[in-house]
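Report on one structure; see the data block that follows.
The values are calculated or read from the model by the stated rules, or taken from the named source; none is laboratory data. Given the structure is predicted, the values throughout are model-derived calculations rather than measurements. All Cβ positions, glycine included, derive from the backbone under ideal geometry; neighbour counts span all protein chains shown. All accessible areas refer to the heavy atoms of the entire protein, side chains included, with ligands and DNA or RNA removed. Shrake-Rupley method; radii C 1.70, N 1.55, O 1.52, S 1.80 Å.
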Amino acid sequence: MKKNVIALHFILTIIAWTSFLWLDWKIIAIFSLAHIIMLKLGNGCFMSHYQFQDKKTNNTRFYEWWLGLMGIKNYNREKLRIFMTYFVPLIIVIVGIILQDVLKIITPFI
């Protein structure tokens, strides 16, 4: 079951990170805000809580787990969490605005 959660978590992450290619930036902004609220209210992602249930890894985030798999372990955890929680969604929205409204390169499907 955990392998299914890992796969779903990975797929949802890729969908979110590429959403500026196919989703209107206004919808991305709404989802980004909802995601930040979910992280704050739930003290992290519910999928990460399920994936890392034991006490040793209970506070681990999905991206921290992936970085560990890639051999990257020396990072400031708090700065990384701030970057991933606030700056990555903002970057995705800004890229969507630039590509969709400013440059008019991409016309979103939705």
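Kindly provide the set of residues from region 13-28 that are open to solvent by 90 Å² or more (accessible area, probe 1.4 Å) and either under 15 Å from MET84 (Cα atoms) or in contact with a Lys or Arg (Cβ under 6 Å, 6 or more places away or on another chain) (or both), ordered by number. The answer is TRP17, and nothing else. None of TYR86, TYR63 is modelled with pLDDT of 90 or more and touching a helix residue (DSSP H, G or I) at 6+ places or on another chain (Cβ under 8 Å) except TYR86.
Pick out the one residue from ILE106, ILE98, ILE91 that is among the aliphatic types (A, V, I, L, M) and open to solvent by less than 70 Å² (accessible area, probe 1.4 Å). None of the other options fit; the residue is ILE106. Among the candidates PHE31, PHE10, the residue that is assigned to a helix (DSSP H, G or I), hydrophobic (A, V, I, L, M, F, W, C), surrounded by 13 or more Cβ atoms within 10 Å (Cβ to Cβ) and at pLDDT 90 or above is uniquely PHE31.
Checking every residue in region 75-83 against the condition of being farther than 23 Å from LYS2 by Cα and in a loop (DSSP other than H, G, I, E, B) gives at least one match. Has region 35-50 got at least one residue that is open to solvent by 60 Å² or more (accessible area, probe 1.4 Å), part of a loop (DSSP other than H, G, I, E, B) and at positive phi? Checked against the condition, which is being open to solvent by 60 Å² or more (accessible area, probe 1.4 Å), part of a loop (DSSP other than H, G, I, E, B) and at positive phi, region 35-50 yields at least one hit. Cβ-Cβ distances below 6 Å connect the following pairs, each with a first residue in region 65-88 that is closer than 15 Å to TRP17 by Cβ, a second residue that is surrounded by 13 or more Cβ atoms within 10 Å (Cβ to Cβ), and a separation of six or more residues or different chains: MET84/TYR63; THR85/LEU39.
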